Structures are given as structure tokens and as C-alpha cells.
Amino acid sequence: MPLPPTSRPPVSRSVESLIVGHDGAARPGLRAVPEEVPVSLVYSSVPFAVMMLTPSDLEDFAYGFSLTEGIVTGAEGIREVAVGQEARGLRLDIRLAPSALTQHLARRRSIAGRTGCGLCGIEELDQMPQAVRPEGAAPAIDMPAIRRALAELEQNQPLNDATRAVHAAAFAGADGALRAVREDVGRHNALDKLAGALMRGGVRAAEGFVIVTSRCSFELVEKAASIGARTLVAISAPTALALDRARALDMNLVAVARRDTVAVFHGMERVRDGVAG
């Protein structure tokens, strides 16, 4: 099943600015900046969260956020998603299946979201998300596949190319060919959008690997694991807690990823130099 396409064109606006050189010379110019709007998530008429998002791929975000927050366990838990306009932002009306709604209402918490929010609304440590370690070892991954995915990702971030202000999350097949890319001002949001795209497209994340352009935090490891990813590649370094979780989940963790070098923090024996595919 093909993945749902990302929305185009990128969501940004052109604003006036003053370009000042190191020599003090100044000239007027135009710069693109990404849009960022409050989006209210409402589950079966019950408000749940307000998140700050780039207003693109909102249906993907609704599915992915619902999955990584544990509100649903799969696409069958969502009956319908509708995007609406409110006075100060946007609204996502997410109609849950009866069984998912019952479970959701039993554990509902209030979330006041921010762009960088990763564990918003958590009041007790035992509410922190805990992905389940999959059975069996993570599959091996080839370095040529990682290099190919990184090279393709550089060419598939139109909003960041225009603004230099957003994050991306991508999914690549085992051969490194990109299957989907999602962008957002928030790194967690970008990964949730990707999660939703994979879920809606019926794609198993274990069949390839996930790439994020941000630092590799605990929450990103958890979100990647919650969608079944066994390998996470990050452009920046991981935190110590992220590494601890990757080890506990036996997730291949590749970070500080560049086309010429990467640092393998977990799964060293599974990262191969052979030919991709």
C-alpha cells in the first residue's frame, strides 16, 4: 500500500529582514520562516492536548501522536480524523473506535503542549511511556544503506531548505531508499507525523530504519520503538538515557550520522560494511 503523500507546498511565509555582513554592510532582503500554530487534539469530543505544529500533514500527526502516546495501538483504533479551523488555531477531531475510546477515557490526562514537548502532561514517573522490547535481535543494517538514506534526505527537506528552522523524520527501506519524509518545527512532531504516515500506509517500521535530523533524546527512542523501528539513525548525538533505552530495547542506535562517518552506540556487531540490499 503506498504511503500517503506529504502536503505541498511547504508551509512558510516570506518576511522582510535586514542582512548584515561581518564587514557591517547591510542590505534589505526576504527570508522564509515556517508557520507554527496551536493545534487542539480532541478525541471523540473530549479535549486532550494543544500542540504547537507546522500546519502540514495533520492527519498523519493525528494518527502518529495517538499511537506514540498510547491512545491507540493501531490504525483500527481511529475511525475518522477531521481538520477544522478555530479562532486562534486549528482543531483535530479524532473519532476513536469504542474500545479505544473506553481505554483512553480511563487514562486521560491533560497536556498543554509546546513545540519541544516530549513528555508533556506526565505527573508521575510511572506514567512515562515504556515501549516493549521486541522478540529476537534487531536486523543488521548496511553502511551503504545509511549513506544512501542520508544523501537522499538532504534533497528531501523542502521546508528546511527554505527556512533552516525545522526538523525532519524519515523512513528508509533496508536498501536506504527513502519511503517517507515529514517536517515540523518540533522534532517530536516530525516523528509523530512520520509514525502516522507509516501507520496509515500499512508499512512496518521494522522493515527499514528511521532517521531523525535532531539530537537523539529518550523520547525519540521511545517513539521510534513504539512504531516497531529496530534501527534509529540520528544526525546528532544521543543522551545517556536515550542510549540506556536503546540498549534495553535492543535497538540499533546510530548517531552523529554523516555520509562519511557515523558513530554506532548500540548494535555495533549488526552494522555492516557490505553492499546495500
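Just checking, how many residues over the stretch 131-162 are touching a Gly at 6+ places or on another chain (Cβ under 8 Å), among the small types (G, A, S) and not in a loop (DSSP other than H, G, I, E, B)?
Residues flagged as touching a Gly at 6+ places or on another chain (Cβ under 8 Å), among the small types (G, A, S) and not in a loop (DSSP other than H, G, I, E, B) within the stretch 131-162 amount to 2.
Could you say whether any residue in the stretch 179-190 is of a type in the set (D, E), out of contact with any Pro (no Cβ under 8 Å at 6 or more places or on another chain), over 19 Å from L53 (Cα atoms) and in contact (Cβ under 8 Å) with a residue 40 or more places away in the chain? Outline the logic, then answer.
So in the stretch 179-190, the residues of a type in the set (D, E) come out as 183-184.
Narrowing further to those that are out of contact with any Pro (no Cβ under 8 Å at 6 or more places or on another chain): 184.
Restricting the remaining residues to those that are over 19 Å from L53 (Cα atoms) gives none.
The answer is no, given that none of the residues of the stretch 179-190 is of a type in the set (D, E), out of contact with any Pro (no Cβ under 8 Å at 6 or more places or on another chain), over 19 Å from L53 (Cα atoms) and in contact (Cβ under 8 Å) with a residue 40 or more places away in the chain.
Find the residue count for the stretch 182-214, including only residues that are among the basic types (K, R), in contact with a Lys or Arg (Cβ under 8 Å, 6 or more places away or on another chain) and either modelled with pLDDT under 95 or surrounded by fewer than 24 Cβ atoms within 10 Å (Cβ to Cβ) (or both).
Total meeting the criteria: 0.
Take A165 and decide whether it is assigned to a loop (DSSP other than H, G, I, E, B), aliphatic (A, V, I, L, M), at negative phi and at pLDDT 95 or above.
Criteria met by A165.
Under the condition of being open to solvent by 20 Å² or more (accessible area, probe 1.4 Å), among the hydrophobic types (A, V, I, L, M, F, W, C) and in contact with a helix residue (DSSP H, G or I) (Cβ under 6 Å, 6 or more places away or on another chain), which residue from the stretch 96-151 is modelled with the highest pLDDT?
Among residues in the stretch 96-151 that are open to solvent by 20 Å² or more (accessible area, probe 1.4 Å), among the hydrophobic types (A, V, I, L, M, F, W, C) and in contact with a helix residue (DSSP H, G or I) (Cβ under 6 Å, 6 or more places away or on another chain), the one modelled with the highest pLDDT is A140.
Please work out if G64 is at pLDDT below 95, closer than 24 Å to R204 by Cα and surrounded by 13 or more Cβ atoms within 10 Å (Cβ to Cβ). So that I can check it myself, show each step before the final result.
Details: at pLDDT below 95: no; closer than 24 Å to R204 by Cα: yes; surrounded by 13 or more Cβ atoms within 10 Å (Cβ to Cβ): yes.
So G64 fails the test.
Report every pair of residues separated by at least 6 positions or lying on different chains whose Cβ atoms are under 8 Å apart, first residue within the stretch 142-170 and in contact (Cβ under 8 Å) with a residue 24 or more places away in the chain and over 24 Å from S17 (Cβ atoms), second in a loop (DSSP other than H, G, I, E, B) and β-branched (V, I, T).
D142/V275; M143/V262; P144/V275; I146/V262; L153/T213; A169/T213
How about the stretch 37-75: which of its residues are of a type in the set (S, T, N, Q) and assigned to a helix (DSSP H, G or I)? Talk me through it step by step, then tell me what you get.
So the first thing to find is which residues in the stretch 37-75 are of a type in the set (S, T, N, Q), and the list is 40, 44-45, 54, 56, 66, 68, 73.
Hits for the stretch 37-75 are S66, T68.
Within the stretch 71-87, track down each residue that is over 15 Å from V42 (Cα atoms) and not acidic (D, E). So that I can check it myself, show each step before the final result.
From the stretch 71-87, those over 15 Å from V42 (Cα atoms) are 73-76, 87; that's our starting set.
Listed by number, the residues that qualify are T73, G74, A75, A87.
Being assigned to a strand (DSSP E or B), crowded, with 18+ Cβ neighbours inside 10 Å, in contact (Cβ under 8 Å) with a residue 12 or more places away in the chain and in contact with a His (Cβ under 8 Å, 6 or more places away or on another chain) narrows it down to one residue among L243, L253, L232, L220; which is it? Step through it out loud before you land on a result.
Details: L243 fails: assigned to a strand (DSSP E or B); L232 fails: in contact with a His (Cβ under 8 Å, 6 or more places away or on another chain); L220 fails: assigned to a strand (DSSP E or B).
None of the others qualify; the one that does is L253.
Just the residues that are more than 17 Å from N189 (Cα to Cα), in contact with a Pro (Cβ under 9 Å, 6 or more places away or on another chain) and open to solvent by less than 100 Å² (accessible area, probe 1.4 Å), please, taken from the stretch 68-88.
Hit for the stretch 68-88 is E86, nothing else.
For the stretch 31-54, which residues satisfy the criterion of being under 21 Å from A100 (Cα atoms) and open to solvent by 30 Å² or more (accessible area, probe 1.4 Å)? Break it down into steps so the answer makes sense when it comes.
Step one: of the stretch 31-54, the residues under 21 Å from A100 (Cα atoms) are 40-50.
Within the stretch 31-54, S44, S45, V46, P47, V50 meet the criteria.
The values are calculated or read from the model by the stated rules, or taken from the named source; none is laboratory data. Here the structure is a predicted model, which means the values were calculated and not measured. Glycine gets a Cβ as well: all are built from the backbone with ideal geometry, and neighbour counts include every protein chain shown. What goes into the accessible areas is simple: the full protein's heavy atoms, side chains included, and nothing from ligands, DNA or RNA. Shrake-Rupley method; radii C 1.70, N 1.55, O 1.52, S 1.80 Å.
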